[in-house]
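Each remark here refers to the structure printed beneath this line.
The values are calculated or read from the model by the stated rules, or taken from the named source; none is laboratory data. Just so we're clear, the structure is a prediction, and the values are computed from it rather than from any experiment. With ideal geometry, Cβ positions are generated from the backbone for all residues, glycine too; neighbour counts draw on all protein chains shown.
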Amino acid sequence: MYMYISPPVLLIIAIALSYLVSTAFPAIQFTDVTISFLGIILITLGIGIVLWAIKLLRKHKTTLHPRHKPSKLVMHGPYRYSRNPVYLGFLMISVGTVLLFANVLAFVGPIIFLAFVNTFFIPYEESMLTKAFGTSYKSYKKKTRRWV
């Protein structure tokens, strides 16, 4: 049997896990207000990157779904700086929420998100993109980092 967790659901799970850990271990908190402000900035930037990347994929009429075959290789906008701007934005949102929760142990959520995406999503997508776009994708992959 095949089980699939979509990236937005994985993000919600990571945030929920961070919240649960931060409430279960409240003694390991940091209280600097600038940390909370930084969290809000990261969340806002993360949302902006995700929306920008999604807008470009839709503009070029290619899939947003990680398991569907892409019809166009998008290499500009946020894709110029990261091969995975949606995941980068999700990670920024997850880290930003950790900063709002103000608990060191809450970083378990973003760490699990990063490990899961690097292990299960990105390798599959890169394989599919290589099959679909060949040398164009290989060239793009050489000059553009996976994350930033």
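Observations on the structure shown:
- Members of the range 55-85 that are assigned to a helix (DSSP H, G or I) and hydroxyl-bearing (Ser, Thr, Tyr): 79
- Neighbours by Cβ (under 6 Å, 6+ apart or cross-chain): first from the range 55-68, under 16 Å from residue 89 (Cα atoms); second in a helix (DSSP H, G or I) and of a type outside the set (Lys, Arg): 56/77; 64/57; 66/121; 66/125
- Looking across the range 24-83, the residues that are of a type in the set (A, V, I, L, M) and modelled with pLDDT under 90 come down to 27, 28, 33.
- Every condition in (1) more than 12 Å from the chain's Cα centre (by Cα); (2) part of a loop (DSSP other than H, G, I, E, B) holds for residue 52 except the one numbered (2).
- Residue within the range 97-108 that is at positive phi and either crowded, with 17+ Cβ neighbours inside 10 Å or hydrophobic (A, V, I, L, M, F, W, C) (or both) present: yes
- For residue 117: the one exception among (1) modelled with pLDDT under 95; (2) of a type in the set (A, V, I, L, M); (3) not in a loop (DSSP other than H, G, I, E, B): (1)
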